[in-house]
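Below is one structure; the comments refer to it alone.
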Amino acid sequence: MFELGAAEVVSSTTRWLQVGGCLAVLGLGQRAQALPQQPSLAASSAEMSSIETSAIAAPAHPTTNPAPCPSSLEPTVSCTISWSETLTEAPLEAPPAINVAPTLTPEALALDAEAIAPTLDLDPAVIEGSPTLQRWLEEVPDVANDIRHQPSFRTRLRVSYAQFPSNGQIGGFGAAVEDVFVVPGTGLTASADYSRSWNGDRESYGGEARYYLLPLGGYVNLAPTVGYRSLSTPAYQTDGLDVGLRLLLVPSRGGGGDIALSQRWVAPGSENEVGITSLAIGYAVTRQLRLGTDFQLQNSRFGQDSRFGLSLELLL
């Protein structure tokens, strides 16, 4: 019985092995039928190797078409670059601020001092009290042209008290107009003056033309003069041609202050020739008014006379 039982076990095992073999054969057949439709990873790897080999072996040329990428390769890895994340992680830094002085436009220049003052960081009173600043705000001047054609001195009307030390300190008066520009923008001017003592012993009057040789806007100028003059003193009387030279120093432009030194000769070459040396100083106390002083010395073959004056001048 033992032998019969062992035989039955062997027979049963053999049958199960046959069934398993049939099932294995059936599975391999189905696997073989599915291979053409779904290539295995091994086949995919083989194809990738073949593509890479072809790409390496093919010469690089602009006209060579790249090998197509198989659409059935698996697995597919997706690679996405997010620019927003990159920019968020490394933001651009803003450029440093540059302070630029404000530019005054013509519209701004047309405003009053109250509107312009904050832009220039100035007190409105400073703008209102400065003619030069107001002029520059209206229009930037041509400085070189101004120096050449705009005079640094102004036309003046003068009235004065005169004293004659050489004639017993006799007092008198005087009046004059100085440097009337005959042709604006040129150095040609005309002047005239009159002075007389209270008792009539001293009298002088005349007129002259001056032509300033240097640029009118400079601090120094030189002018030859020519005109007519009449002189009367207790010792002599003379009149005639008056020629000379005038040196003008202008430390403060626009009539604020100047110093004039002149030398002229009346009736030159005659026996009645008289040389006159004059020094005049003027200083402005307002925009229109100046205080002045002058000293004059007359030399002739008949004697020497002097005059001293204090004056009030109106700037035109």
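Readers should treat all values here as calculations from the given coordinates under stated rules, not as data from a laboratory. What you see is a predicted model; the values in this text were computed from it and never measured. Positions of Cβ are generated from backbone atoms using ideal geometry, with glycine treated the same way; all protein chains shown enter the neighbour counts.
Using Cβ contacts closer than 10 Å as the measure, can you line up 198, 265 from fewest to most? Spell out each step's value before the answer.
Working: 198 12, 265 19.
Neighbour counts put them in this order, fewest first: 198, 265.
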Review point. What is the extension gain from residue 133 to residue 170, computed as 0.36 nm multiplied by their sequence separation minus the C-alpha to C-alpha distance, in nm to one decimal?
Key: 8.6 nm
Point to revise | Hydrodynamic radius (Kirkwood) for the range 156-315, which is based on Cα pairs only, to one decimal in Å | key: 16.0
Exercise for review: Just add up the charged neighbours of residue 313: K/R +1, D/E -1, any other residue whose Cβ is under 10 Å from the Cβ of residue 313.
Suggested key: +3
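Determine, for 302, 164, the number of other Cβ atoms within 10 Å of each Cβ, and report the residues in order from fewest to most.
Numbers: 302 16, 164 24.
The order, fewest Cβ neighbours first, is 302, 164.
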Check your understanding: What list do you get for 127, 259 if you sort them by fewest beta carbons within 10 Å?
Key -> 259, 127
